[in-house]
Amino acid sequence: MLDSLQLTIPDLAALAFFLAAWAVHTLTVDGHLVRRISLTRAMNAQREAWMRTMARRELRMIDTSIMVGLQQGTAFFASSSLIAVGGCFALLGASDHVLTVLADLPFAAAPSRSTFEIKVLGLIIILAYAFFKFGWSYRLFNYCSILVGAVPMQGEGTHSPSMEAAVRRATRMNVLAGKHFNAGLRAIFFSLGYLGWFVNAGVFVVTTLILLAVLMRRQFFSAARRAVLEPDQAGPGKGDAIFPDSQ
């Protein structure tokens with residue numbers, strides 16, 4: 001079977017390590033492996049605070065402008081992912097030239113054409129996954145805009161059950177859209193670590209470790225996280241979600 005795949009044992013081990021690192025990062029950030037609040041979870045709580053603040057505003061131009069900005073950012077990354085997929089297909093057409101370049105790199109083994117094409121196909125899968133995540137996130141932000149518009153105005157009963165239900169719906173949709181956006185962005189980041197595989201399996205492991213360390217630091221030890229979780233803040237500022245299951 002290994003001969004048919006044209007991949008060596010070190011290649012398969014490095015690929016398994018890459019996928020495990022991706023899964024561990026996802027589970028850790030979502031709060032399934034550690035109790036420390038990640039930047040993503042803290043921002044989910046801020047999304048909830050935003051929806052509740054929005055419900056108290058009669059004029060919501062600020063909120064609609066934020067939603068437009070979120071949609072534009074998501075559309076940009078979706079387009080970039082699709083362009084990158086096209087670039088990978090172009091790379092398949094220039095395999096001979098790329099293999100010549102790789103053979104001249106230090107520490108790089110000379111892979112066979114079939115092995116190189118398998119690695120490129122793996123990169124295409126990662127980028128296609130990112131595109132679908134960004135595309136779905138864009139759709140969910142669009143739905144969230146509709147749900148924001150469906151939240152009753154202040155004069156119609158700020159504390160009514162219907163307003164509370166509308167706020168909860170908008171919050172859940174916003175957090176879900178952010179979750180898919182983060183998943184797409186995570187795929188883009190890990191595609192950079194995947195590039196190390198084109199050199200050799202050892203470099204693949206090293207680039208994956210470096211990428212994982214950078215992403216973990218940003219989620220749990222960065223200045224951005226400290227900015228959200230100020231010591232004197234309470235409630236959403238502490239990363240405590242109003243709706244825990246929405247995380």
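Look at the range 216-235 and say how many of its residues are surrounded by 13 or more Cβ atoms within 10 Å (Cβ to Cβ) and either among the charged types (D, E, K, R) or under 28 Å from T115 (Cβ atoms) (or both).
Total satisfying the criteria: 2.
Inside the range 1-68, counting only helices (runs of 4 or more DSSP H) that do not spill past its ends, which hold 3 or more residues that are without any contact (Cβ under 8 Å) to a residue 12 or more places away in the chain and more than 30 Å from A165 (Cα to Cα)? Reasoning before the result, please.
Numbers: elements: 2-5, 9-29, 39-55.
Here the list reads 2-5, 9-29.
Within the range 16-43, which residues are more than 21 Å from I210 (Cβ to Cβ), more than 14 Å from the chain's Cα centre (by Cα) and not aliphatic (A, V, I, L, M)?
Step one: of the range 16-43, the residues more than 21 Å from I210 (Cβ to Cβ) are 30-32, 35-37, 41-43.
Among the residues that remain, those that are also more than 14 Å from the chain's Cα centre (by Cα) are: 31-32, 35-37, 42.
Within the range 16-43, G31, H32, R35, R36 qualify.
Restricting the range 132-147 to residues that are buried (at least 21 other Cβ atoms within 10 Å of the Cβ) and more than 21 Å from R60 (Cα to Cα), which is farthest from the chain's Cα centre (by Cα)?
Here the answer is S137.
Any read-out appearing in this document is the output of simple, stated calculations on the displayed coordinates, not a laboratory observation. These numbers were taken from a predicted model, which means no experiment stands behind them. Neighbour counts run over all protein chains shown; Cβ positions are idealised from the backbone, glycine included.
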